[in-house]
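Here the structure is laid out as structure tokens; the discussion comes afterwards.
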Amino acid sequence: MIKKLSVVAAVLGMGCAFTVSAHESLVQFKGAVGVIPVSSAAGAANEDGTSPNVNRNVVRGVNPAGQIWTIADLRAEVAVDGRIRVNGKGLLLAGGNGIGGTAGQSVFATLICEAAAPFTLHSTTLTGVALEADGDFEIDDVLTPAPSGCASPVLLIRNVAGAWFAAGTPVVEKHRY
């Protein structure tokens, strides 16, 4: 009886080890920043106070939203097989007449792994998930195309029109010496 239990335990142990390795983490994100659509402005101001030379906050080829957005928290994990799980909290407008609201937006996630062009956009379903009234959202999907590695990870939360609203903060391993 003990011998049979040992064999069953060993088989179950191998199954558990296989399951863990199939869901090995490629990259994780903890925290995020909301979009500020303008990265800089230069030149003498126009008569109406606007700047003639505005640089939009384009990240790896993806345009920003047209208004400032804020995000309270974000946790995300991408597995080596391309599976992604994102839990976002408080993605809300931080300016304009709709401040504090979601403007009825739906969002999806895009992972970009290259530091320089050309960039490959690894995205979840482009129809996205609707933001809750408080700006919370969850994405549980698979990135297309699946990444084969990720040397310089950027995770963008985007609306269905393609603009980015928030960017995840990658978790960096700290080495102890």
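Here, each number is a calculation from the coordinates, and none is a lab measurement. Worth saying up front: this structure is predicted, and the values here are computed from it rather than measured. For neighbour counting, all protein chains shown are included, and Cβ atoms are generated from backbone atoms with ideal geometry for every residue, glycine included.
What's the local net charge at residue 59, with K and R +1, D and E -1, over the other residues with C-beta under 14 Å away? Net charge in that neighbourhood comes out at +2. 3J(HN,Hα) along the stretch 142-154: 10, 6, 10, x, 5, x, 9, x, 7, 6, 9, x, 10 Hz, from the Karplus curve 6.51 cos²θ - 1.76 cosθ + 1.60 with θ = phi - 60°, whole Hz, x for Gly and Pro. Measuring between their Cα centroids, the stretch 60-87 and the stretch 132-177 lie 3 Å from each other.
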